[in-house]
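Working notes, structure below.
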Amino acid sequence: MAVSQLIGARVQRREDPRLITGHGRFIEDRLPVGLLHMAVVRSPHPHARILSIATEAAASAPGVRAVLVAKDFHAQLSGTMPVTPAFAPEKKYVPERFPIASDEVCFQGEPVAVVVADDRYLAADAAELVVVEYDPLPAVVDPEAAMVPGSPRAHVEGPDNIGWDMTFDGGDIEAAFARAEVTVSERIWQQRLAPTPMEPRGVLAEYSPYDERLTIWLSSQNPHFIRLFISGAMGIPESRVRVVAEDVGGGFGSKISPYPEDYLVPAAARILGRPVRWIETRTESVQTSYHGRGQVFTAEAAALRDGTLLGLRLTQVLDLGAYHGTFGAFQACACLMAGGVYRWAAVQGRTIGVLTNKVPTDPYRGAGRPEGTHLCERMVDRVAQEIGMDPAELRRKNFAREFPFSNNFGLVYDSGNYDGSLDKAMELVDYSGWRQRQAEGRQQGRLIGIGCSTWVEICGFGPSEATAGATGGIALVEAAQIRFLPSGSVAAYVGTHAQGQGHDTTFSQIVADTLGIPMEKVELRHGDTAEGPSFGYGTYGSRSLAVGGMALHKAAMVIRDKAQRLAGHMLEVSPDDLTFEQGTFSVKGDPSARKTIEEVALAAYGGKLPEGMEHGLEATSYFDPPNWVWPFGAHICVVEVDRETGAVQVHKYVAVDDCGNVINPMIVEGQLHGGIAQGISQALYEEVAYDQDSGLLLTGTMTDYLVPTMNEIPALTLDRTVTPSPTNPLGVKGIGEAGTIASSAAVINAISDALSPLGIHHVDMPASPDRLWKMIQEAES
Amino acid sequence: MIPAAFEYSRATSVADAVNQLRTAGPEAKVIAGGQSLLPMMRLRLAQPGHLVDLNGIPDLDYVRVKDGSVQIGAMTRHATLVRSELLRANLPLLAEVAKEVGDPQVRTRGTIGGVMAHADAAGDYPTVALMLDAEIVTDRRRIPARDFFQHLFTTALEPDELVVEVDFPVSTGAHRYLKFRRRVFDWAIVAVGVQRLGDGWRVGITHAGPTAVRAHAVEDALRSGATPAEAAERASDGLNPNSDVHASSEFRLHLAQVLTRRALEQAA
């Protein structure tokens, strides 16, 4: 065994020098010869019939090469944009979606025409000259209103607005409620969020008539799936489509699924025979990049007066927007995770996907798990409040403690230590001290609140048996390829792709350690479908390390095993008589007889190989995890609410998380900082708001859509426990979404706790000053 | 986020700028720091056909004290106001307000003249100007602040008229400006300024209507011996603020009162 040096070390991010010095390469940095620029004409209406589109004025504007509408694309693109069957085998109404509208627009921002011109300014100018005549139709804005029979329909041809409606039964819910001594119910709103990555979306496509190949540069979390979808729609063999995502300036889930522009740009490039690029503006980003959340839950919990949790019944009404998001149904996992870290007799979750005239929703950092955690943690606090028990104590009373733990839906939590993280968090935050300060503060009319969130998530997607059906056939395993070159440098390819996660660093740590070579010798490659294994499965759902990292580890082990056999041959001993340490094979009992792995690598390309051994030193491996992985932790937030203005101040935020073994603590902390910031931001700041009557977007700029800065996010106290996962050889889990999954509940529990002396039990998000002021006013009057 | 096409010229003096504005006609706009104009152009809410750039004019960037008045050149940046010892000694309220305008980029580029001419309802300097009876000096006249700000984005300026200076009375008494907002770099949802001047208080309110407001009712109450809490109840008198995604009209009225009381209590 190599002595592990890099795994677990706080290695500086290898990608940072190029990013910090301005040498990152994003879609806008690439300037092919003959590049044309596309602008998109979008519907200003949330719902309307298109009566006519006049393109003549735009077409004759300076520098314009083409103005294209739906009929121009029909010859280029076939089929409907994909919708995975995940979680909804009984999908009801799934409207067809062509990337550009022809007769009816169903959300504000839906494309109706594109203009391709010599530069971006000319394209934008000409786009204003396209005259579209619309006949406005009634818009459905509120998902609950959309469910009511007789509601206007999001699509005039639709039978109704129900995208899916299904119930997951986890135990005998009626029996659980029959035993209840206390029940609480709540209505919990999950506002829509705009992902707002620093780099908006962008697509650049070039079609080569010479060899009929299409290359797409795309800001994407998921290049191989996009290749699959675009090749199918454009009728080009998958092998002749190359999707390249170089640096990606953030995704948060919004760059998983295909978008209309991902089809329109390549099609325009093929029509015009020139490279075409479209870069999303910030306004387009807030308006048309798939939103997250957008759900309303009704929930009821049953318990005994001693704090024993019995049953949890919930209904998730999910605002799909105008079309099903490709992976949108994944968010229904909120139902399956609503039981959290607790032992319940029964949990029942009904999920209803509802079509509205808004941009589709799709996975956004956490995707269903923040919603499930928020709901569970809120309901547990409500029970505690109802029976007058300390919320931390009630949690402890109901924690799952035996692992593997099968939850009510048969999902098997691989490992956990929920007491451990809660103990540590309570100590770090000074829980009893704050309870005392809270009591003293209340005497003076101060509103101090303490909120816990003891969370668990399912991540590392995922086992082939469970995921192949959910995506419609392709299992979410992961692929890696490692090539040990004769001179000793190593190229490692993996099918995941980073958008800030630091895979260049962490994955190289794994490869370097496993092969016993310096990290500088490892080149990590990802994001280009022309390289490496045939398929990759992308980065989302905190899967990269637990699946992609394991594929790399597996490939490295294949190489090491072969190198050991070759080293044995070279040293004329049995491979079993060799030890491998710090990159050197040594004969047991005779350490002077040894070969470095670099020497072995060179030999692998030379003569005198053992009988039956092929040349070369490379391996392609697929890792199919036997289970998901289940990170967990405890977050505790202390807030104070200004009784007069409703302003919330976070006094303290402690997070003790457990993602199993850690490859690089600095990266883990960075992920937690970002994730927690996003959860706090949902709790306090961000909301995509639409006018409830007109359906028009109200928060279309960064002045109105409140992305916080470092000034708004409190100092975070982080710590961790380590409970290795038994699911994979390195014992790792995932950490990309953990902070977001945990934190909104901690903040809102703290605010609800602060306001509880006023008789307020629940606060919706975002907990804006205006909202809290009104609640306080009502409570006090 | 892609502005429409426009002509651009750079003025070398105030007279040159006025001349260029006249030549270019009503489609022309002046650009100083550009921190309000450029975002509006990028959203195509503003599509000026011609921009006359004032950044090449020397000698409009100064803070001077003369005859009991603090004179600030129109092209003086927020960041300069933050750093000015002279301003801190003679009009500390404005220096403190400048420190909380926008973010560092905005403070580095944005100018006091630009803020005045733009007349955003949520601008902070118009409130200070109004409450202190400042005068806006243009290339051709002096306009009292109370006559200058007419409505949202509307001032007494002629299309070819340039702000060259803003004159405030030296004000060294107790003061406070409280700005209520969601994020530190946001425009005020509501803000209140108070300044002890002579034998009375001056009180101004930001973003509780289309223009800044001087809270005469609060000033009068204080003059009649009301406590800060009593006087602050008059802060919402006559206000008619908008509702938007950040705050309802009722909340803005309430904030005007709360912030007025707090500002008076905290004034130092």
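The values are calculated or read from the model by the stated rules, or taken from the named source; none is laboratory data. Just so we're clear, the structure is a prediction, and the values are computed from it rather than from any experiment. With ideal geometry, Cβ positions are generated from the backbone for all residues, glycine too; neighbour counts draw on all protein chains shown. In case anyone asks, the SASA skips ligands and DNA or RNA and just uses the protein heavy atoms, side chains included. Shrake-Rupley method; radii C 1.70, N 1.55, O 1.52, S 1.80 Å.
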Dipole magnitude (debye, nearest 20) for chain A, charges at Cβ of Lys, Arg, Asp, Glu: 860 debye
Using a 1.4 angstrom probe on the protein heavy atoms only, could you order B:MET1, B:MET131, A:MET389 from most to least accessible area? B:MET1, A:MET389, B:MET131
For the pair A and B, the solvent-accessible area buried on both sides (1.4 Å probe; DNA, RNA and ligands excluded), in Å² to the nearest hundred, is 2400 Å²
Please list, or write none, the lysines whose alpha carbon is within less than 20 Å of the alpha carbon of A:LYS652, excluding same-chain residues fewer than 8 places away. A:LYS424
Could you go through region A:145-160 in sequence order and give the Karplus-derived ³J(HN,Hα) for each residue, using 6.51 cos²θ - 1.76 cosθ + 1.60 with θ = phi - 60°, rounded to whole Hz, and x for Gly and Pro? 5, 5, 7, 5, x, x, 5, x, 9, 5, 10, 4, 7, x, x, 6
Can you list residues from other chains, or at least 5 along the same chain, whose modelled amide H is less than 5 Å from the amide H of A:LYS92? A:TRP164, A:ASP165
Peptide ranges A:651-660, A:65-74 listed from the most packed, as the mean C-beta count within 10 angstrom indicates: A:651-660, A:65-74
How much accessible surface does A:ILE53 have with a 1.4 Å probe, in Å² rounded to 10? 50 Å²
Could you work out, residue by residue across B:245-251, how many beta carbons of other chains sit within 10 Å of that residue's beta carbon, and then give the average as an integer? 6
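Summarise the long-distance tail of P(r) for the protein assembly as shown by giving the % of C-alpha pairs beyond 40 Å.
Working: 279646 of 549676 pairs.
The calculated P(r) of the protein assembly as shown puts 51 percent of pairs beyond 40 Å.
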In region A:478-623, with Lys and Arg counted as +1 and Asp and Glu as -1 at Cβ, which of these residues, A:THR529, A:TYR605, A:SER487, has the Cα nearest the positive end of the dipole, that is, farthest along it? A:THR529
Acute angle (nearest 10 degrees) that the helix B:14-24 long axis makes with the longest principal axis of chain B, alpha-carbon atoms: 70 degrees
Region A:363-416 versus region A:692-729: alpha-carbon centroid distance in Å: 20 Å
Per residue, the convex hull enclosing the Cα atoms of region B:175-266 spans a volume in Å³ of 85 Å³
Per residue of B:253-264, other chain Cβ atoms within 10 Å number on average 2
In Hz, Karplus ³J(HN,Hα) per residue of region A:398-403 (6.51, -1.76, 1.60; θ = phi - 60°; x = Gly, Pro): 10, 4, 6, 10, 10, 10
Set of lysines with alpha-carbon distance to A:LYS521 below 30 Å, sequence-local pairs under 8 removed: A:LYS554, A:LYS562, A:LYS588, A:LYS595, A:LYS608, A:LYS733
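Sorted by mean Cβ packing within 10 Å, highest first, what order do the peptides A:716-722, A:505-511 take?
A:505-511, A:716-722
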Taking H placed 1.01 Å from N in the peptide plane, check which residues at least 5 places from A:VAL629 or on another chain put their amide H under 5 Å from its amide H. A:CYS459, A:GLY460
Roughly to the nearest percent, how much of the accessible area of region A:541-668 is carbon and sulfur, given a 1.4 Å probe? 49 percent
Take every Cα pair under 8 Å in region A:143-257 that's 6+ residues apart, average their separations, divide by the length, and report that relative contact order as a whole percent. 21 percent
Mind checking which of B:ALA208, B:ALA15, B:ALA174 has the largest fluctuation in a GNM of chain B, springs on alpha carbons under 10 Å? B:ALA15
Each residue of B:179-187 has, on average, a number of other protein chain C-beta atoms within 10 Å of its C-beta equal to 4
Accessible-area loss of at least 10 Å² (1.4 Å probe, chain alone to full protein assembly) applies in region A:734-781 to A:SER768, A:PRO769, A:ASP770, A:TRP773, A:LYS774
In whole angstrom, how far apart do the alpha carbon centroids of region A:216-295 and region A:4-47 sit? 13 Å
Per-residue [θ]222 nm for chain B (sum of -39500 (n - 2.57) over DSSP H runs n ≥ 4, rounded to 500): -9000 deg cm²/dmol
Taking a probe of 1.4 Å, how large is the accessible area per residue of region A:235-381, in Å²? 17 Å²
Counting only backbone N atoms under 19 Å from a point 7 Å out along Cα-to-Cβ of B:SER249, the residues of region A:674-709 in range are A:691-694
Please list, ordered by chain and number, the residues whose modelled amide H lies under 5 Å from the amide H of A:LEU137; skip anything fewer than 5 residues away on the same chain. A:HIS47, A:ALA48, A:ARG49
19 Å Cα-Cα threshold exceeded, pairs from B:LYS99/B:LYS179; A:LYS71/A:LYS92; A:LYS92/A:LYS255: A:LYS71/A:LYS92; A:LYS92/A:LYS255
Taking θ as phi - 60°, what are the ³J(HN,Hα) couplings along region A:204-209 by the Karplus curve (6.51, -1.76, 1.60), each to the nearest whole Hz, with x for Gly and Pro? 10, 10, 9, 10, 9, x
Might you work out the accessible area of A:ARG437 for me, using a 1.4 Å probe with all protein chains in place, and round it to the nearest 10 Å²? 90 Å²
Given an 8 Å cut-off on Cα distances and at least 6 residues of separation, report the relative contact order of chain A as a percent. 16 percent
